[in-house]
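Remarks on the structure that follows.
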Amino acid sequence: MRDPVRVAFRPPRPLLLVVAVLGYTAYLQNPRDPLRPTDLPDGVGPVTHRRYWAEVQGAALDAVAVTALVGQRLPDLAPKGTAWFRGLDAPLPSQGGPPIRPGTRLRILMTFTRRARVQVQVMDATRVCLRTLRLHADAGTVTFRALDTGPGRLRLEVESVVRAASWPDRAAYLLAAHLFQRLNWEAVLTGAARLSGGQIAGRGHRTREYAYVPPAAR
């Protein structure tokens, strides 16, 4: 005969599963060394290479001028529902803070659920590159670039080369996060086209995944 006291205090299995999921989620949101820059070796699963582009016509600004504007306004171009950017060490320029430059760190709340951190790695004439920090759902880089393709014509691109930071993040990407990423970066490209003074004549996106190959030991 079962001990009625022990049976009464045995938690149901679904509750144990929920507690385990919540505990692991809390760990993902508070990793060790959360501000350490990460790259592909820090992730799990395949490499995900996504490229989004927009062809702009009637632009009043060239690629260099558009890149300079996007470099300072990118946090404001992203929809808050998909990626809410704020300054980590200082307010954003739109909030009276200093200009964004290489080394600037940004905090992000993705879809109001997943905390993330990135650092500006490169800002040159036609490119702005963000590197993920340990507190992020991905490990790798995201790069905005602008190219002049003719008088008043631009090609705007966002390219991400990442691996998921953890297997739960990989599962979230496959379930829904890939769609939110697309909405986010397409909105950024739309905002960049607006800053150029032109109109989008065509746009597209492409995703490729391939196995991660560790760099050869030296």
Once amide hydrogens are built 1.01 Å from N within the peptide plane, the residues lying 5 or more places from ALA83 or on another chain with amide H under 5 Å from its amide H are THR111
Difference of contour (0.36 nm per residue) and Cα-Cα distance, THR111 to GLN95
3.6 nm
Once a ≥ b ≥ c are taken as the square roots of the eigenvalues of the Cα gyration tensor of the range 57-102, is the result rounded (a/c under 1.5), prolate (a/b larger than b/c) or oblate (a/b not larger than b/c)?
oblate
Provide the packing ranking of 185-191, 145-151, 93-99, 79-85, i.e. peptides ordered by the mean count of other C-beta atoms within 10 Å per residue, highest first.
185-191, 79-85, 145-151, 93-99
Probe radius 1.4 Å, ligands and nucleic acids left out: which of ASP62, ASP89 has the largest accessible area, and how do the rest follow?
ASP89, ASP62
Apply 1/(1 + (r/R0)^6) to the Cβ-Cβ distance of ALA187 and THR126, taking R0 = 25 Å, and write down the FRET efficiency to the nearest 0.05.
0.75
Net charge near ALA176 (other residues with Cβ under 14 Å of its Cβ; Lys, Arg +1; Asp, Glu -1) is +2
Length gained if TYR210 through ARG36 is fully extended, taking 0.36 nm per residue and subtracting the Cα-Cα distance, is 60.1 nm
Using θ = phi - 60° and the Karplus curve 6.51 cos²θ - 1.76 cosθ + 1.60, what whole-Hz ³J(HN,Hα) does each residue of the range 46-51 get, with Gly and Pro shown as x?
x, 7, 9, 10, 10, 10
Any idea what Rg and Dmax come out to for the chain if you just take the C-alpha atoms, in Å?
20.7, 86
List the extent of the Cα atoms of the range 83-194 along each of their three principal axes, largest first, rounded to whole Å.
46, 31, 20
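The values are calculated or read from the model by the stated rules, or taken from the named source; none is laboratory data. Keep in mind the model is a prediction, meaning the values are calculated, not measured. Note that each Cβ is placed from the backbone with ideal geometry, even for glycine, and that neighbours are counted across all protein chains shown. For accessibility, only protein heavy atoms count, side chains too; no ligands or nucleic acids. Shrake-Rupley method; radii C 1.70, N 1.55, O 1.52, S 1.80 Å.
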